[in-house]
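The values are calculated or read from the model by the stated rules, or taken from the named source; none is laboratory data. From a predicted model like this one, the values you see are computed outputs, not experimental measurements. Neighbour counts run over all protein chains shown; Cβ positions are idealised from the backbone, glycine included. Surface areas here come from the heavy atoms of the whole protein model, side chains and all, with no ligands, DNA or RNA. Shrake-Rupley method; radii C 1.70, N 1.55, O 1.52, S 1.80 Å.
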Amino acid sequence: MVPQAPHSSKDTDVIWFHNARLIDPEQSTERLGSLLVENGVITELDSPCPEGADAVDCGGKCLAPGIVDIGVQVGEPGAQHKESLRTAGLAAAKGGVTTIVMRPDTTPAIDTPEVLEYVTRRAEARTPVHIRAMATLTRAREGREMSEIGFLLDAGAVAFTDGDKVLHNTKVLARCMSYAKGLGALIIGHPQDGGLSDGACATSGKFASLRGLPAVSPMAERMGFDRDMGLVEMTGVRYHADQITSARTLPALERAKANGLKVTAGISIHHLTLNELDVGDYRTFFKFTPPLRSETDRGAMVRAVADGLIDIICSMHTPQDEESKRLPFEEAASGAVGLETLLPAAMRLYHSEGLDLPQIWRALSFNPAKLLGLDSGRLSVGAPADLVLFDPDAPFVLDRFALRSKSKNTPFDGARMEGRVLATYVAGNCVYEYKD
Amino acid sequence: MAFKQNHLLGIEPLHPTEITTILDLAEEYVALNRSSEKHGTTLAGMTQINMFFEASTRTQASFELAGKRLGADVMNMAMAQSSLKKGETLIDTALTLNAMHPDLLVVRHGRSGAVNLLAEKVNCAVLNAGDGKHEHPTQALLDALTIRRKKGRLHRLSIAICGDIAHSRVARSNLILLGKMENRVRLVGPPTLMPRDVEEFGVEVFDDMREGLEGADVVMMLRLQRERMDGGFVPSEREYFHRYGLDAEKLAYAKEDAIVMHPGPMNRGVEIDGAIADDINRSVIQEQVEMGVAVRMAAMDLLARNLRRARERQRLREAAHG
């Protein structure tokens, strides 16, 4: 059952949001105004309140398009003890994420239209936010035979990816890309040289040397990216790099874009707000794939987001249970939950790194929606009323056990954060409301 | 109070005065160990468990002897072939042992940081007997004691650590300790066996033995840890010995009175010429083993004192709250 918020607008289909700081990533503007929603669609800006409309006073807080989060891992099917479609949906609603774009690394993997339909159908009945699924590029993510890209596209797959499993065989990848190009499908790659990164769990450098952890040079990312760019140039496919995390890769990304390749790049919020030193005394909640980078790299990534060279910020939501994290660092599972912390963590870019809110929302909402061909991510007339109302300045200390996600593996436990979601709307329905 | 640690997990958390405190106390135990009455009672009534997840002969024997000479009840657990094989996690093993109320836990594990993880979950003093490629603090302390006794000081010495630095926890603990005590540390080895950005620790890096040994007071050789290698770090044993093995010709570049050290076990003819290892005028390898027992006695003694003090405080707190 879809959880209904207390003041759901089911009885009235017209909502008038007023006294709102409107964050418009499309126009790159931020101003006080009002917004009218009818039947789940934005119909007018700065209009007077129509009669019979449900008026919502935003109290001068920010109203922005809901976040479109590319690359969310949901444990369903296969690992519901880590995260189910229901808990992921609840977490997303609390985090201001109105569209979850799900990774296909489930068990079984989403590599046939049947699994995709199963997931989509279950998601519809269980989650208050939109869920779109990606499908695998190769069967069972094994890197050998391509998935049924055509059928999967018809069934609603928004992109094709083997997740963080690098496809080593360039011939297979080239064929997948050619085939995908023919169908206009989007491929999401994980740029990494498999040879260099094999067995590594840290970024090579002073810190990894001191801790005695097997490490990989950030050059492995550049090499993986360069290889993928060669194949993209060869095939002409649309390509998105899931996470670009190293300064060394940026010139190659800039070149690829300048050469007219259909390339975009993303980064997880963790690589924008944390660095390798946060691992400290082998804290496994700070273990990521790729591993956290140096502060120099982190700074370069923040600037790349500000410049628009990196297009998309995502949470890379990866739920892990306590057992898989309470292990020696090398053996521990990788990744962190992020749906609920994406927005407050992104506010660090606003408060401490000089990015403005429309800039941040381009990367959180407008760009990912555009990349996947969704009509959300905008505050314009005709766009769906997927909205987040938030206070960018509200301070709080994060308690991981207060998270709605089933797994509590967040690196921000006990962290002082600013930025709170006050309400989340999906197609005009309130799916989350903050209460003291 | 010059020693404030509750565990000995590495050299990194230690203050230079804490290092000196351990070494000074160890000197007393050297004297005790050389007497015919080798029994102390410092650890009487205490239980020491040696948990070695990685096979070890000399370190385990050294810790066992150290504990017994101080009067502890010592138990050895060869973890390499026990419960972990049955699927039990490290944490569960730790909790199981913790329930037996040990006072000192000596742990060796193949993963960097595993001993730190374990120390969080138990309420006794934990000594790191080597974790992955991270630290091996008692080895560095025994090396320091050996150097101090041979050279009369532990500062402003030129010390060359040679060989497989990348895979060596001994090298890490040593370069941190020697750096803290304000020595000039040089690392010598092929680039494939050198950790990344190690220069940033304030050491000099050489890939030529002769340059690296030039004027050194101490030459510390490391075992070429073949069992740790994925394969292919050096072309062959013989080429390695030719370029990096310590022989009389290369040693001649060091100071005339330079001492030669090796943490053992040695690969004669791989990293060190047998004749050098046996040269009683240069090699202090046997003395290192002797210092090992003394340093471990000192470390366990100091940790036990802190443990007793902490427990006494706890008891008083509980008594006060009725």
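Restricting to DSSP H runs of at least four residues, report the calculated mean residue ellipticity at 222 nm for chain B, -39500 (n - 2.57) per run over all residues, nearest 500 deg cm²/dmol.
-13000 deg cm²/dmol
Would you mind putting B:143-152, A:263-272 in packing order, based on average other-beta-carbon counts within 10 Å, highest first?
Sorting B:143-152, A:263-272 by mean packing, highest first, produces A:263-272, B:143-152.
Take every residue in peptide A:328-335, count the Cβ atoms of other chains within 10 Å of its Cβ, and give the average of those counts.
5
Per the 1.4 Å probe, what fraction of the accessible area of chain B, in percent, lies on carbon and sulfur atoms?
Heavy-atom surface of chain B belonging to carbon and sulfur, 1.4 Å probe: 49 percent.
In whole Hz, with x marking every Gly and Pro, tabulate ³J(HN,Hα) for segment A:65-77 from phi via Karplus 6.51 cos²θ - 1.76 cosθ + 1.60, θ = phi - 60°.
Whole-Hz 3J(HN,Hα) from phi for segment A:65-77: x, x, 6, 10, 9, 8, x, 7, 8, 10, x, 10, x.
Extent of segment A:66-372 along each principal axis, from alpha carbon coordinates, in Å, largest to smallest?
Per principal axis, max minus min of the Cα coordinates gives 49, 42, 39 Å.
Size of segment B:138-284 along its principal axes in angstrom, Cα-based, largest extent first?
Its Cα atoms span 40, 34, 27 Å along the three principal axes.
Taking 0.36 nm per residue of sequence separation and subtracting the Cα-Cα distance, how much length would be gained by fully extending the chain between B:MET100 and B:ASN123, in nm to one decimal? Mind showing how you got there, number by number?
On the way: separation 23, 0.36 × 23 = 8.28 nm, distance 1.10 nm.
Result for the pair: 7.2 nm of gain on full extension.
Using 0.36 nm per residue, how much length does the chain from B:GLU12 to B:GLU182 gain when fully extended, once their Cα-Cα distance is taken away? Provide the component values of the computation, followed by the final result.
Working: separation 170, 0.36 × 170 = 61.20 nm, distance 1.42 nm.
Extending this stretch completely gives an extra 59.8 nm.
Using a 1.4 angstrom probe on the protein heavy atoms only, line up A:SER178, B:SER236 by accessible area, largest first.
My answer, sorted largest first, is A:SER178, B:SER236.
Excluding same-chain residues fewer than 8 positions from B:LYS121, which lysines have a Cα within less than 26 Å of its Cα?
Once the sequence-local lysines are set aside, what remains near B:LYS121 is A:LYS82, A:LYS287, A:LYS325, A:LYS406, A:LYS408, B:LYS4, B:LYS68, B:LYS85, B:LYS86, B:LYS133.
In degrees between 0 and 90, to the nearest 10, how far off the longest principal axis of chain A does helix A:113-126 point, with axes built from Cα atoms?
40
What is the average number of partner chain Cβ atoms found within 10 Å of a Cβ in A:201-212?
For this peptide, the per-residue mean of nearby foreign Cβ atoms is 6.
For a quick check: with amide H placed at 1.01 Å from N, whose amide H comes under 5 Å from A:ALA241's, ignoring anything fewer than 5 positions away on the same chain?
For A:ALA241, the qualifying residues are A:GLY189, A:THR264, A:ALA265, A:GLY266.
Treating cross-link reach as a plain straight distance, find the lysines whose alpha-carbon is under 17 Å from the alpha-carbon of B:LYS150, omitting any fewer than eight places away in the same chain.
B:LYS255
As a test question: what accessible area, to the nearest 10 Å², does B:ARG184 have when a 1.4 Å probe is rolled over all protein chains in place?
B:ARG184 has an accessible surface of roughly 120 Å² with all protein chains in place.
Roughly how many Å² of B:LEU95 are accessible to a 1.4 Å probe, to the nearest 10?
80
How much of the accessible area of segment A:66-372, probe 1.4 Å, is carbon plus sulfur, in whole percent?
Answer for segment A:66-372: carbon and sulfur cover 48 percent of the accessible area.
Taking the mean number of other Cβ atoms within 10 Å as a proxy for protection, how do you rank B:290-303, A:27-40 from highest to lowest?
Per-residue Cβ counts within 10 Å, averaged per peptide and sorted highest first, yield B:290-303, A:27-40.
Rounded to the nearest 5, what % of the DSSP beta bridges within segment A:66-372 are antiparallel ones?
The antiparallel fraction comes to roughly 5 percent.
From largest accessible area down, sort A:TYR179, A:TYR118; use a 1.4 Å probe on the protein chains.
My answer, sorted largest first, is A:TYR179, A:TYR118.
If I ignore ligands, DNA and RNA and count only protein heavy atoms, how much of A:VAL397 is accessible to a 1.4 Å probe, in Å² to the nearest 10?
Near enough 90 Å² of accessible area.
Over chain B, what is the relative contact order in whole percent, taking alpha-carbon pairs under 8 Å and six or more residues apart?
Computed value for chain B: 20 percent relative contact order.
With every protein chain left in place, what is the accessible area per residue of chain A in square angstrom, probe 1.4 Å?
Dividing the accessible area of chain A by its residue count gives 37 Å².
Any idea how far apart B:ASP92 and A:LEU32 come out in nm if each label point goes 7 Å out from Cα toward Cβ?
Label-label distance for B:ASP92 and A:LEU32, simple model: 6.1 nm.
With both bridge residues required to lie in chain B, what share of the DSSP beta bridges run antiparallel, to the nearest 5%?
Values: 1 of 36 bridges.
Here the antiparallel bridges make up roughly 5 percent for chain B.
Out of every Cα-Cα pair in chain B, what percent are more than 28 Å apart?
Working: 20936 of 51681 pairs.
Everything past 28 Å amounts to 41 percent.
Each label point is 7 Å from the Cα along the Cα-to-Cβ direction; what then is the distance between the points at A:GLU114 and A:GLN80, in nm?
It is 1.9 nm.
For segment B:138-284, with every protein chain kept in place, what is the accessible area per residue (1.4 Å probe, Å²)?
Here the per-residue accessible area is 42 Å².
Buried accessible area between B and A (1.4 Å probe, both chains summed, ligands and nucleic acids excluded), in Å² to the nearest 100?
Summed over both sides, the interface buries about 1800 Å².
What share of the DSSP beta bridges in the protein assembly as shown is antiparallel, in percent to the nearest 5?
Working: 32 of 97 bridges.
If we restrict to bridges inside the protein assembly as shown, about 35 percent are antiparallel.
Would you mind checking the tilt of helix A:342-352 against the longest principal axis of the Cα atoms of chain A, expressed as 0 to 90 degrees and rounded to 10?
Roughly 90 degrees between the two axes.
Under 5 Å between amide H atoms, partner at least 5 residues away or on a different chain: which partners does A:ILE67 have, H built in plane at 1.01 Å?
Those qualifying (amide H under 5 Å, at least 5 residues apart or on another chain) are A:VAL97, A:THR98, A:THR99.
If each residue of separation counts as 0.36 nm, what is the full-extension length gain between A:ALA140 and A:GLU51 once their alpha-carbon separation is subtracted?
26.6 nm
Could you bin all the Cα-Cα distances of the protein assembly as shown into 10 Å bins starting at 0 and give me the percent of pairs in each, rounded to whole numbers?
3, 13, 20, 20, 16, 13, 9, 4, 1, 0, 0
What is the calculated FRET efficiency for A:GLU44 to A:ARG121, with r their C-beta to C-beta distance and R₀ = 41 Å, to the nearest 0.05?
0.75
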